[in-house]
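Remarks on the structure that follows.
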Amino acid sequence: MSRIRSRDTLPEKDVRSLLHRLGFRFSLRRKELPGKPDIVMPARHAVVFVHECFWHQHAGCRNATMPSTRRSFWETKLRGNVARDARIGEQLEALGWQVITVWECELADEALVAKRLNAALTGLHA
C-alpha cells in the first residue's frame with residue numbers, strides 16, 4: 001500500500017482542473033482542518049474531497065469491490081475508511097464548512113460533475 005498515492009491522484013487533478021475552468025479558486029490540503037481536505041475554498045467556506053471508489057467504498061458503485069484474498073483485513077480497512085470519512089465530514093460541518101464529495105466514477109461525466117459543483121458552490125460566497 002506504500003505505492004498508493006494519497007495526494008495528486010488523477011481524479012484529484014481532474015477535479016482541480018474542472019474547478020479552475022469554472023472560475024473557482026482554491027488551496028490544497030489545509031493541515032489545520034480535520035481530514036486535510038483535498039481542495040479548500042476558504043472564501044466560500046467549502047471543502048472538496050475527491051474519493052476513489054474502491055478506497056472509500058462508494059455505495060452501489062461497481063468499482064467498490066472487495067478483494068477475495070485477505071478478506072477480513074480488507075473489510076476492516078475499508079470499513080474504517082468509510083467510518084473515518086463520516087466522522088471527518090461531521091467535524092467539518094460542525095466547524096461551519098460545506099463538505100462536497102466527488103467520486104472517481106462520477107468523473108466519467110465531467111459536465112454533470114461541473115454542474116453539481118457549480119450549483120453547490122454558487123451563492124456560498126459571503
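The distance separating the Cα centre of the range 81-126 from that of the range 4-68 comes to 8 Å. Placing a label point 7 Å from the Cα of Q98 along the Cα-to-Cβ direction, the residues of the range 37-61 whose backbone N falls under 14 Å from that point are 40-49.
Per-residue Cβ neighbour counts within 10 Å put M41, M66 in the sequence M66, M41, beginning with the fewest. Structure remark: mean-square fluctuation, Gaussian network model of the chain, C-alpha springs under 10 Å; the largest value among H20, H45, H56 belongs to H20.
Report the paramagnetic label zone for Q91: residues of the range 11-52 whose backbone N is under 13 Å from a point 7 Å from Cα along the Cα-to-Cβ axis. Within reach of a label on Q91: 30-37. Estimated from the Cβ-Cβ distance and a Förster radius of 22 angstrom, the FRET efficiency linking R116 and A83 is about 0.35.
The modelled label-to-label distance between C61 and E32, using points 7 Å beyond Cα along the C-beta direction, is 3.1 nm. Relative contact order for the chain: 28 percent, from Cα pairs under 8 Å spaced at least 6 residues apart, divided by residue count. Of all lysines in the structure, those lying under 21 Å Cα to Cα from K36, and not within fewer than 8 positions of it along the same chain, are K13, K77. Here L10 and E75 are evaluated by their C-beta separation; at R0 = 25 Å the FRET efficiency comes out at 0.40. From the list [x] 15.0, 50; [y] 16.7, 45; [z] 13.4, 41, can you say which value of Rg and Dmax of the Cα atoms in Å was derived from the structure given? The listed entry that was calculated here is [x]. I want the antiparallel fraction of DSSP beta bridges within the chain, as a percent rounded to 5. Of all bridge pairs located within the chain, approximately 45 percent are antiparallel.
Each value in this text was obtained by applying a stated rule to the coordinates, not by laboratory testing. What you are looking at is a predicted structure, and each value in this text was computed from that prediction instead of being measured. Please note: Cβ atoms are built from the backbone with ideal geometry, for glycine as well, and neighbour counts cover all protein chains shown.
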